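Read the structure below first, then the notes.
The values are calculated or read from the model by the stated rules, or taken from the named source; none is laboratory data. On a predicted model such as this, the values are computed, not experimentally measured, just so you know. Every residue, glycine among them, receives a Cβ derived from its backbone with ideal geometry; neighbour counts consider all protein chains shown.
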Amino acid sequence: MQRRFADAEREFERAREIEPIVPIRSATIIWVRFQARDFRGAVEAFDRAIVLDTTYALTYLWASWALEASGRVDEAVTASEQAVRLSDRGTGFVASLARTKAVQGDGADARRLLAEVLRGRVVPAYEVAKIYLALGEKAEALRWLERAYEMRSPSMMFLRIDAQLDPLRGDPAFEALLRKVGI
């Protein structure tokens, strides 16, 4: 959260060396590189992680983000769909697929998946905001981020570094929210 990505990657690499067969160790390196905007490095980390375990949903989720950011949107959709399957349609995973579908240009499917997320027992407001942002509905995205703040969503701790929120950077409402969160 402090933008010390090189330090974070070093620590996660060390954790992976200590426990190489624990999937979260390799998957987290994908996430760190993605948030550092090292999208190519994140995809490379995915290629290494997938060799260890082909059944860990977070590996595919974070890889889908890196693939999308690398311009490989169709591959991102495929990875995101695999994450949804492996997570047994976990709400956060479905939300990420909806976002990726929106980026792909499939607004109808994105909205269908968004409706599924909104019908869930727990609605992840932070992730819903990212869907709306990908759909081009900036005001609605900001409204859902405010809701995430009100709900005290743990995801708000990533507000300052989340690469998927980059289109909001510089927006006065987003910057005000960063200040309100204390970031």
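Whether any residue in segment 138-160 is among the hydrophobic types (A, V, I, L, M, F, W, C), buried (at least 22 other Cβ atoms within 10 Å of the Cβ), out of contact with any Lys or Arg (no Cβ under 6 Å at 6 or more places or on another chain) and under 19 Å from L67 (Cβ atoms) is what I want to check. No, there is no match, as no residue in segment 138-160 is among the hydrophobic types (A, V, I, L, M, F, W, C), buried (at least 22 other Cβ atoms within 10 Å of the Cβ), out of contact with any Lys or Arg (no Cβ under 6 Å at 6 or more places or on another chain) and under 19 Å from L67 (Cβ atoms).
Residue by residue, here is whether (1) touching a Lys or Arg at 6+ places or on another chain (Cβ under 7 Å); (2) assigned to a helix (DSSP H, G or I); (3) of a type in the set (D, E); (4) modelled with pLDDT under 95 holds:
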| site | (1), (2), (3), (4) |
| --- | --- |
| A15 | yes, yes, no, yes |
| I24 | no, yes, no, yes |
| R48 | no, yes, no, yes |
| V51 | no, yes, no, yes |
| T59 | no, yes, no, yes |
| L67 | no, yes, no, no |
| V77 | yes, yes, no, no |
| R85 | no, yes, no, no |
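Within segment 37-77, the only residue that satisfies the criterion of being polar (S, T, N, Q) and out of contact with any helix residue (DSSP H, G or I) (no Cβ under 8 Å at 6 or more places or on another chain) is T54.
Here E68, E175, E81 are screened, and the one residue that is surrounded by fewer than 16 Cβ atoms within 10 Å (Cβ to Cβ) and at negative phi is E175. Considering the conditions (1) closer than 30 Å to I50 by Cα; (2) assigned to a helix (DSSP H, G or I), E140 is excluded by exactly one of them, (1).
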